Amino acid sequence: MSKTGAEHGMGLFWVLVLSGIFTYILMVAYGKFTIVTGHTALYNVRNGFKHGWIIAVYIMIALIIGELLAIMGVMGIVADLAQEGIRMATGMKINTFWIILVAASLLYALMWYGQYRTFEKVLFFFVILLGLSFIVVFFLVKPSLGALAGGLVPRIPQKNLGLIAAIAGTTCSAAVFIVRSTVVAEKGWTIKDLKTEKKDAFASAAMMLFLSAVIMAVSAGTLHVMGLKLDNTIEMIYLFEPIGGKIAAYILILGIVGAGISTIFPIALIAPWLIADFTGKPRNLKSTQSRLLILGAMLISFGSVFLEQRPPALMVFSQAFQACILPAVAIPILIFLNRKEMMGEHIATKKDNIWITAVIAFSLFTTYFAIVELFF
(Lines give C-alpha, C1' and ligand atoms only; values in the text may rest on other atoms or scores of the structure.)
Protein backbone atom coordinates (compact mmCIF):
# COMPACT_ATOMS: atom_id res chain seq x y z
CA MET A 1 0.00 0.00 0.00
CA SER A 2 2.85 2.38 0.79
CA LYS A 3 4.59 1.62 -2.51
CA THR A 4 1.33 2.06 -4.42
CA GLY A 5 0.60 5.37 -2.71
CA ALA A 6 4.10 6.67 -3.43
CA GLU A 7 4.04 5.70 -7.12
CA HIS A 8 0.40 6.30 -8.08
CA GLY A 9 -1.12 8.45 -5.34
CA MET A 10 -4.72 7.40 -4.70
CA GLY A 11 -5.23 6.47 -8.37
CA LEU A 12 -5.47 2.75 -7.51
CA PHE A 13 -7.75 3.27 -4.52
CA TRP A 14 -10.59 1.79 -6.62
CA VAL A 15 -8.75 -1.55 -6.64
CA LEU A 16 -8.56 -1.44 -2.85
CA VAL A 17 -12.28 -0.62 -2.51
CA LEU A 18 -13.32 -3.45 -4.84
CA SER A 19 -10.94 -5.82 -3.03
CA GLY A 20 -12.48 -4.88 0.32
CA ILE A 21 -16.05 -5.44 -0.93
CA PHE A 22 -15.20 -8.75 -2.59
CA THR A 23 -13.24 -9.89 0.46
CA TYR A 24 -16.39 -9.45 2.54
CA ILE A 25 -18.46 -11.38 -0.03
CA LEU A 26 -16.11 -14.39 -0.09
CA MET A 27 -15.49 -14.37 3.67
CA VAL A 28 -19.23 -14.61 4.27
CA ALA A 29 -19.58 -17.27 1.58
CA TYR A 30 -16.79 -19.49 2.92
CA GLY A 31 -17.87 -19.00 6.53
CA LYS A 32 -21.48 -19.88 5.77
CA PHE A 33 -20.42 -22.84 3.63
CA THR A 34 -18.23 -24.23 6.45
CA ILE A 35 -20.95 -23.79 9.06
CA VAL A 36 -23.66 -25.45 6.95
CA THR A 37 -21.59 -28.40 5.68
CA GLY A 38 -19.57 -28.93 8.85
CA HIS A 39 -16.38 -29.32 6.78
CA THR A 40 -13.56 -26.96 5.84
CA ALA A 41 -12.83 -25.63 2.34
CA LEU A 42 -10.19 -27.95 0.88
CA TYR A 43 -11.94 -31.04 2.25
CA ASN A 44 -15.10 -30.01 0.41
CA VAL A 45 -13.20 -29.19 -2.80
CA ARG A 46 -11.45 -32.57 -2.64
CA ASN A 47 -14.66 -34.51 -2.14
CA GLY A 48 -17.16 -32.26 -3.92
CA PHE A 49 -15.88 -32.69 -7.48
CA LYS A 50 -14.87 -35.59 -9.66
CA HIS A 51 -11.07 -35.54 -9.44
CA GLY A 52 -11.50 -32.67 -6.97
CA TRP A 53 -8.30 -33.71 -5.24
CA ILE A 54 -6.37 -32.24 -8.18
CA ILE A 55 -7.94 -28.80 -7.64
CA ALA A 56 -7.45 -29.10 -3.87
CA VAL A 57 -3.78 -30.07 -4.24
CA TYR A 58 -3.22 -27.18 -6.68
CA ILE A 59 -4.79 -24.68 -4.25
CA MET A 60 -2.87 -26.11 -1.29
CA ILE A 61 0.54 -26.14 -3.01
CA ALA A 62 0.04 -22.72 -4.66
CA LEU A 63 -1.02 -21.12 -1.37
CA ILE A 64 1.89 -22.63 0.55
CA ILE A 65 4.40 -21.49 -2.09
CA GLY A 66 2.87 -18.00 -2.15
CA GLU A 67 2.90 -17.71 1.63
CA LEU A 68 6.49 -18.97 1.92
CA LEU A 69 7.56 -16.31 -0.60
CA ALA A 70 5.69 -13.78 1.50
CA ILE A 71 7.29 -14.84 4.79
CA MET A 72 10.74 -14.08 3.36
CA GLY A 73 9.58 -10.61 2.35
CA VAL A 74 7.74 -9.93 5.60
CA MET A 75 10.55 -11.10 7.90
CA GLY A 76 13.06 -9.17 5.77
CA ILE A 77 11.02 -5.99 6.19
CA VAL A 78 10.67 -6.57 9.96
CA ALA A 79 14.43 -7.17 10.28
CA ASP A 80 15.39 -4.13 8.18
CA LEU A 81 13.14 -1.83 10.19
CA ALA A 82 14.18 -3.28 13.55
CA GLN A 83 17.83 -2.83 12.52
CA GLU A 84 17.19 0.80 11.61
CA GLY A 85 15.24 1.46 14.81
CA ILE A 86 18.10 0.06 16.92
CA ARG A 87 20.62 2.14 14.94
CA MET A 88 18.60 5.33 15.42
CA ALA A 89 18.24 4.69 19.15
CA THR A 90 21.71 3.37 20.04
CA GLY A 91 24.01 3.96 17.07
CA MET A 92 24.63 0.19 16.81
CA LYS A 93 24.00 -1.71 13.56
CA ILE A 94 23.04 -5.34 14.20
CA ASN A 95 23.11 -7.85 11.34
CA THR A 96 19.59 -8.72 10.18
CA PHE A 97 20.42 -12.44 10.52
CA TRP A 98 20.52 -12.11 14.31
CA ILE A 99 17.34 -10.04 14.39
CA ILE A 100 15.50 -12.69 12.34
CA LEU A 101 16.95 -15.44 14.57
CA VAL A 102 15.57 -13.78 17.71
CA ALA A 103 12.18 -12.98 16.13
CA ALA A 104 11.76 -16.46 14.57
CA SER A 105 12.75 -18.17 17.85
CA LEU A 106 10.27 -16.15 19.91
CA LEU A 107 7.46 -16.72 17.40
CA TYR A 108 8.21 -20.43 17.17
CA ALA A 109 8.18 -20.74 20.97
CA LEU A 110 4.82 -18.96 21.12
CA MET A 111 3.38 -21.28 18.47
CA TRP A 112 4.89 -24.32 20.23
CA TYR A 113 3.12 -23.59 23.52
CA GLY A 114 0.16 -21.45 22.42
CA GLN A 115 -3.43 -22.19 21.45
CA TYR A 116 -5.47 -20.63 18.62
CA ARG A 117 -7.18 -18.25 21.09
CA THR A 118 -3.74 -17.01 22.16
CA PHE A 119 -2.76 -16.33 18.55
CA GLU A 120 -6.01 -14.44 18.00
CA LYS A 121 -5.28 -12.13 20.95
CA VAL A 122 -1.69 -11.53 19.79
CA LEU A 123 -2.89 -10.76 16.24
CA PHE A 124 -5.54 -8.37 17.58
CA PHE A 125 -2.89 -6.47 19.57
CA PHE A 126 -0.53 -6.07 16.61
CA VAL A 127 -3.29 -5.06 14.17
CA ILE A 128 -4.45 -2.35 16.59
CA LEU A 129 -0.80 -1.26 16.93
CA LEU A 130 -0.50 -1.06 13.14
CA GLY A 131 -3.70 0.98 12.82
CA LEU A 132 -2.88 3.46 15.57
CA SER A 133 0.67 3.92 14.27
CA PHE A 134 -0.38 4.93 10.76
CA ILE A 135 -3.26 7.10 12.00
CA VAL A 136 -0.83 9.02 14.24
CA VAL A 137 1.71 9.32 11.39
CA PHE A 138 -1.07 10.53 9.07
CA PHE A 139 -1.64 13.54 11.34
CA LEU A 140 2.07 14.06 12.02
CA VAL A 141 3.07 14.33 8.36
CA LYS A 142 -0.06 16.32 7.40
CA PRO A 143 -0.50 14.89 3.88
CA SER A 144 -1.93 17.11 1.16
CA LEU A 145 -5.70 16.55 1.33
CA GLY A 146 -6.15 18.24 -2.04
CA ALA A 147 -3.72 15.81 -3.64
CA LEU A 148 -5.51 12.89 -1.98
CA ALA A 149 -8.91 14.02 -3.26
CA GLY A 150 -7.58 14.73 -6.76
CA GLY A 151 -5.94 11.30 -6.89
CA LEU A 152 -9.19 9.44 -6.27
CA VAL A 153 -10.01 9.45 -9.98
CA PRO A 154 -9.74 5.75 -11.00
CA ARG A 155 -7.05 4.90 -13.52
CA ILE A 156 -4.94 2.02 -14.77
CA PRO A 157 -1.18 2.72 -14.92
CA GLN A 158 0.67 2.18 -18.17
CA LYS A 159 3.42 0.20 -16.43
CA ASN A 160 3.97 -1.78 -13.21
CA LEU A 161 0.58 -3.48 -13.56
CA GLY A 162 1.74 -5.98 -10.94
CA LEU A 163 0.78 -3.46 -8.25
CA ILE A 164 -2.90 -3.91 -9.17
CA ALA A 165 -2.52 -7.66 -8.74
CA ALA A 166 -0.50 -7.15 -5.55
CA ILE A 167 -3.24 -4.97 -3.99
CA ALA A 168 -5.79 -7.67 -4.80
CA GLY A 169 -3.44 -10.42 -3.60
CA THR A 170 -2.84 -8.59 -0.33
CA THR A 171 -6.49 -7.85 0.46
CA CYS A 172 -8.73 -10.17 -1.58
CA SER A 173 -6.30 -13.04 -1.05
CA ALA A 174 -7.14 -16.67 -1.80
CA ALA A 175 -5.36 -17.62 1.42
CA VAL A 176 -7.76 -15.45 3.44
CA PHE A 177 -10.82 -17.42 2.32
CA ILE A 178 -9.33 -20.88 2.72
CA VAL A 179 -8.04 -19.95 6.17
CA ARG A 180 -11.37 -18.25 6.94
CA SER A 181 -13.00 -21.64 6.63
CA THR A 182 -10.57 -23.06 9.19
CA VAL A 183 -11.00 -20.10 11.55
CA VAL A 184 -14.79 -20.51 11.49
CA ALA A 185 -14.35 -24.20 12.30
CA GLU A 186 -11.93 -23.33 15.13
CA LYS A 187 -14.51 -20.98 16.64
CA GLY A 188 -17.04 -23.81 16.70
CA TRP A 189 -19.82 -21.72 15.14
CA THR A 190 -23.07 -23.47 14.22
CA ILE A 191 -26.16 -22.58 12.13
CA LYS A 192 -27.40 -20.25 14.85
CA ASP A 193 -24.18 -18.22 14.49
CA LEU A 194 -24.67 -17.33 10.80
CA LYS A 195 -25.49 -13.70 11.65
CA THR A 196 -22.47 -13.51 13.95
CA GLU A 197 -20.27 -14.89 11.16
CA LYS A 198 -21.57 -12.22 8.79
CA LYS A 199 -20.92 -9.40 11.29
CA ASP A 200 -17.45 -10.79 11.98
CA ALA A 201 -16.67 -10.86 8.24
CA PHE A 202 -17.88 -7.26 7.86
CA ALA A 203 -15.72 -6.07 10.78
CA SER A 204 -12.68 -7.86 9.34
CA ALA A 205 -13.10 -6.56 5.78
CA ALA A 206 -13.93 -3.02 6.96
CA MET A 207 -10.89 -2.86 9.25
CA MET A 208 -8.65 -4.16 6.46
CA LEU A 209 -10.00 -1.59 4.00
CA PHE A 210 -9.64 1.28 6.50
CA LEU A 211 -6.06 0.41 7.52
CA SER A 212 -4.98 -0.14 3.91
CA ALA A 213 -6.53 3.20 2.86
CA VAL A 214 -4.74 5.08 5.66
CA ILE A 215 -1.38 3.50 4.73
CA MET A 216 -1.88 4.32 1.06
CA ALA A 217 -2.99 7.87 1.88
CA VAL A 218 0.07 8.58 4.05
CA SER A 219 2.36 7.84 1.09
CA ALA A 220 0.08 9.38 -1.53
CA GLY A 221 -0.23 12.70 0.31
CA THR A 222 3.50 13.04 0.97
CA LEU A 223 5.91 10.92 -1.11
CA HIS A 224 3.81 11.00 -4.29
CA VAL A 225 3.36 14.76 -4.07
CA MET A 226 7.15 15.12 -3.70
CA GLY A 227 7.81 12.80 -6.65
CA LEU A 228 9.56 10.19 -4.47
CA LYS A 229 9.49 6.42 -5.01
CA LEU A 230 9.60 3.58 -2.51
CA ASP A 231 11.73 0.59 -3.49
CA ASN A 232 13.42 -0.19 -0.17
CA THR A 233 11.98 -0.61 3.31
CA ILE A 234 14.46 1.74 4.96
CA GLU A 235 13.76 4.40 2.33
CA MET A 236 10.34 4.79 3.89
CA ILE A 237 11.89 5.84 7.20
CA TYR A 238 14.46 8.11 5.53
CA LEU A 239 11.75 9.78 3.47
CA PHE A 240 9.27 10.28 6.31
CA GLU A 241 11.72 11.42 8.97
CA PRO A 242 12.25 14.91 7.46
CA ILE A 243 8.48 15.28 7.09
CA GLY A 244 7.26 14.07 10.48
CA GLY A 245 10.45 14.02 12.55
CA LYS A 246 12.03 11.14 14.48
CA ILE A 247 8.79 10.48 16.33
CA ALA A 248 7.05 9.69 13.05
CA ALA A 249 9.97 7.45 12.07
CA TYR A 250 9.82 5.48 15.33
CA ILE A 251 6.03 5.13 15.13
CA LEU A 252 6.28 3.89 11.53
CA ILE A 253 8.89 1.31 12.54
CA LEU A 254 6.71 0.15 15.43
CA GLY A 255 3.58 -0.04 13.29
CA ILE A 256 5.13 -1.89 10.35
CA VAL A 257 7.00 -4.33 12.62
CA GLY A 258 3.67 -4.99 14.33
CA ALA A 259 2.03 -5.56 10.96
CA GLY A 260 4.84 -7.92 9.98
CA ILE A 261 4.59 -10.02 13.11
CA SER A 262 0.79 -10.22 12.80
CA THR A 263 1.30 -11.48 9.22
CA ILE A 264 3.94 -14.09 10.08
CA PHE A 265 1.55 -15.94 12.42
CA PRO A 266 -1.02 -17.03 9.82
CA ILE A 267 1.73 -17.63 7.23
CA ALA A 268 3.52 -20.06 9.56
CA LEU A 269 0.26 -21.82 10.40
CA ILE A 270 -1.03 -22.13 6.85
CA ALA A 271 0.81 -25.37 5.88
CA PRO A 272 -0.37 -27.46 8.88
CA TRP A 273 -3.87 -25.99 8.62
CA LEU A 274 -4.17 -26.66 4.88
CA ILE A 275 -2.89 -30.21 5.19
CA ALA A 276 -5.38 -30.91 8.00
CA ASP A 277 -8.09 -29.25 5.87
CA PHE A 278 -7.23 -31.40 2.83
CA THR A 279 -7.09 -34.70 4.75
CA GLY A 280 -10.08 -33.94 6.96
CA LYS A 281 -8.02 -34.65 10.08
CA PRO A 282 -8.20 -32.62 13.33
CA ARG A 283 -6.09 -29.46 13.46
CA ASN A 284 -3.43 -30.19 16.06
CA LEU A 285 -0.65 -27.61 16.13
CA LYS A 286 1.15 -29.60 18.80
CA SER A 287 1.61 -32.65 16.58
CA THR A 288 5.11 -33.49 15.34
CA GLN A 289 4.05 -32.86 11.73
CA SER A 290 2.66 -29.39 12.52
CA ARG A 291 5.69 -28.38 14.56
CA LEU A 292 8.07 -29.48 11.80
CA LEU A 293 6.07 -27.56 9.17
CA ILE A 294 6.06 -24.42 11.33
CA LEU A 295 9.80 -24.84 11.91
CA GLY A 296 10.28 -25.11 8.14
CA ALA A 297 8.40 -21.83 7.64
CA MET A 298 10.57 -20.13 10.26
CA LEU A 299 13.74 -21.37 8.54
CA ILE A 300 12.52 -20.08 5.15
CA SER A 301 11.96 -16.67 6.76
CA PHE A 302 15.77 -16.28 6.68
CA GLY A 303 15.60 -16.19 2.86
CA SER A 304 15.89 -12.42 2.58
CA VAL A 305 19.34 -12.59 4.21
CA PHE A 306 20.69 -14.65 1.32
CA LEU A 307 18.72 -13.31 -1.66
CA GLU A 308 19.71 -10.22 -3.62
CA GLN A 309 16.07 -9.22 -4.10
CA ARG A 310 14.94 -6.61 -1.57
CA PRO A 311 12.05 -7.51 0.81
CA PRO A 312 9.50 -5.04 -0.67
CA ALA A 313 10.06 -6.53 -4.15
CA LEU A 314 9.60 -10.03 -2.70
CA MET A 315 6.34 -8.88 -1.11
CA VAL A 316 4.94 -7.38 -4.32
CA PHE A 317 5.90 -10.55 -6.25
CA SER A 318 4.39 -12.90 -3.65
CA GLN A 319 1.13 -10.96 -3.45
CA ALA A 320 0.83 -10.74 -7.23
CA PHE A 321 1.35 -14.51 -7.25
CA GLN A 322 -1.51 -14.84 -4.73
CA ALA A 323 -3.83 -13.05 -7.16
CA CYS A 324 -3.34 -15.89 -9.67
CA ILE A 325 -4.88 -18.37 -7.21
CA LEU A 326 -8.08 -16.40 -6.53
CA PRO A 327 -10.14 -17.79 -9.48
CA ALA A 328 -9.50 -21.36 -8.25
CA VAL A 329 -10.98 -20.35 -4.90
CA ALA A 330 -13.87 -18.16 -6.11
CA ILE A 331 -15.29 -20.51 -8.79
CA PRO A 332 -15.74 -23.61 -6.52
CA ILE A 333 -17.62 -21.64 -3.84
CA LEU A 334 -20.13 -20.41 -6.46
CA ILE A 335 -20.77 -24.02 -7.51
CA PHE A 336 -21.02 -25.32 -3.94
CA LEU A 337 -23.42 -22.62 -2.72
CA ASN A 338 -25.83 -23.60 -5.51
CA ARG A 339 -25.91 -27.29 -4.59
CA LYS A 340 -29.14 -28.05 -2.79
CA GLU A 341 -27.80 -31.33 -1.39
CA MET A 342 -24.96 -29.47 0.34
CA MET A 343 -26.59 -26.19 1.41
CA GLY A 344 -30.23 -27.21 1.95
CA GLU A 345 -32.36 -24.18 2.81
CA HIS A 346 -29.20 -22.01 2.84
CA ILE A 347 -28.66 -22.36 -0.90
CA ALA A 348 -27.36 -19.25 -2.70
CA THR A 349 -29.82 -16.52 -3.60
CA LYS A 350 -29.84 -14.62 -6.90
CA LYS A 351 -28.11 -11.74 -5.12
CA ASP A 352 -25.39 -14.09 -3.81
CA ASN A 353 -24.77 -15.43 -7.32
CA ILE A 354 -24.49 -11.93 -8.82
CA TRP A 355 -21.94 -10.84 -6.21
CA ILE A 356 -19.81 -13.98 -6.39
CA THR A 357 -19.86 -13.84 -10.21
CA ALA A 358 -18.55 -10.27 -9.91
CA VAL A 359 -15.78 -11.57 -7.63
CA ILE A 360 -14.84 -14.18 -10.26
CA ALA A 361 -14.71 -11.50 -12.96
CA PHE A 362 -12.49 -9.35 -10.71
CA SER A 363 -10.25 -12.34 -9.97
CA LEU A 364 -9.74 -13.03 -13.69
CA PHE A 365 -9.04 -9.33 -14.29
CA THR A 366 -6.34 -9.15 -11.59
CA THR A 367 -4.93 -12.55 -12.60
CA TYR A 368 -4.35 -11.16 -16.10
CA PHE A 369 -2.33 -8.26 -14.67
CA ALA A 370 -0.38 -10.64 -12.42
CA ILE A 371 0.53 -12.91 -15.34
CA VAL A 372 1.57 -9.95 -17.51
CA GLU A 373 3.79 -8.61 -14.71
CA LEU A 374 5.28 -11.93 -13.61
CA PHE A 375 5.96 -13.53 -16.98
CA PHE A 376 6.10 -10.78 -19.61
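Scoring Ser105 on the criteria (1) touching a Leu at 6+ places or on another chain (Cβ under 8 Å); (2) modelled with pLDDT of 90 or more leaves a single failure, condition (1). The condition of being surrounded by 18 or more Cβ atoms within 10 Å (Cβ to Cβ) and in contact (Cβ under 8 Å) with a residue 24 or more places away in the chain holds for only one of Thr190, Thr171, that being Thr171. Scanning the stretch 140-162 for residues that are of a type outside the set (A, V, I, L, M, F, W, C), within 25 Å of the chain's Cα centre (by Cα) and outside any loop (DSSP other than H, G, I, E, B) yields a single hit, Gly162. Considering the stretch 231-268, and only residues there that are hydroxyl-bearing (Ser, Thr, Tyr) and more than 30 Å from Asn284 (Cα to Cα), the residue that is modelled with the highest pLDDT turns out to be Tyr250. Here is a check on your reading of the model: is Leu228 farther than 26 Å from Gly280 by Cα, aliphatic (A, V, I, L, M), buried (at least 17 other Cβ atoms within 10 Å of the Cβ) and modelled with pLDDT under 90? Here the answer is no, as Leu228 does not meet what is asked. Residues that are more than 18 Å from Phe265 (Cβ to Cβ) and touching a residue at least 24 places away in the same chain (Cβ under 8 Å) do occur in the stretch 63-74. Scanning the stretch 35-48 for residues that are surrounded by 24 or more Cβ atoms within 10 Å (Cβ to Cβ) and of a type in the set (Ser, Thr, Tyr) gives a single hit, Thr40.
Looking only at residues in the stretch 336-376 that are of a type in the set (Val, Ile, Thr) and more than 28 Å from Ala166 (Cβ to Cβ), the one that is surrounded by the most Cβ atoms within 10 Å (Cβ to Cβ) is Ile347. Of all residue pairs spaced 6 or more apart or on separate chains, those with beta-carbon atoms under 9 Å, a first member in the stretch 355-376 that is farther than 10 Å from Ala320 by Cα and modelled with pLDDT under 80 and a second member that is crowded, with 16+ Cβ neighbours inside 10 Å and of a type in the set (Gly, Ala, Ser) are Val372/Gly162; Val372/Ala165. Scanning the stretch 156-207 for residues that are under 23 Å from Ala62 (Cβ atoms) and among the basic types (Lys, Arg) yields a single hit, Arg180.
Has the stretch 300-307 got at least one residue that is under 27 Å from Ile234 (Cα atoms), of a type in the set (Phe, Trp, Tyr) and not in a helix (DSSP H, G or I)? Yes. Would you confirm whether or not the stretch 77-88 contains a residue that is closer than 30 Å to Glu197 by Cα and either in contact with a Pro (Cβ under 8 Å, 6 or more places away or on another chain) or free of Cβ contacts under 8 Å to residues at least 12 places away in the same chain (or both)? No, the conditions are met nowhere in the stretch 77-88.
Can you tell me which residue within the stretch 153-178, out of those that are hydrophobic (A, V, I, L, M, F, W, C) and out of contact with any helix residue (DSSP H, G or I) (no Cβ under 6 Å at 6 or more places or on another chain), is farthest from Leu364 (Cα to Cα)? Once the filter is applied, the top-ranked residue is Val153.
For (1) charged (D, E, K, R); (2) in a helix (DSSP H, G or I); (3) surrounded by fewer than 18 Cβ atoms within 10 Å (Cβ to Cβ), each residue gets a yes or a no:
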{"site": "Met10", "(1), (2), (3)": "no, no, no"}
{"site": "Ser19", "(1), (2), (3)": "no, yes, no"}
{"site": "Thr23", "(1), (2), (3)": "no, yes, no"}
{"site": "Val28", "(1), (2), (3)": "no, yes, no"}
{"site": "Lys50", "(1), (2), (3)": "yes, no, yes"}
{"site": "Val57", "(1), (2), (3)": "no, yes, yes"}
{"site": "Leu68", "(1), (2), (3)": "no, yes, no"}
{"site": "Leu81", "(1), (2), (3)": "no, yes, no"}
{"site": "Lys93", "(1), (2), (3)": "yes, no, yes"}
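The values are calculated or read from the model by the stated rules, or taken from the named source; none is laboratory data. What you see is a predicted model; the values in this text were computed from it and never measured. We place every Cβ from the backbone using ideal geometry, glycine too, and count neighbours over all the protein chains shown.
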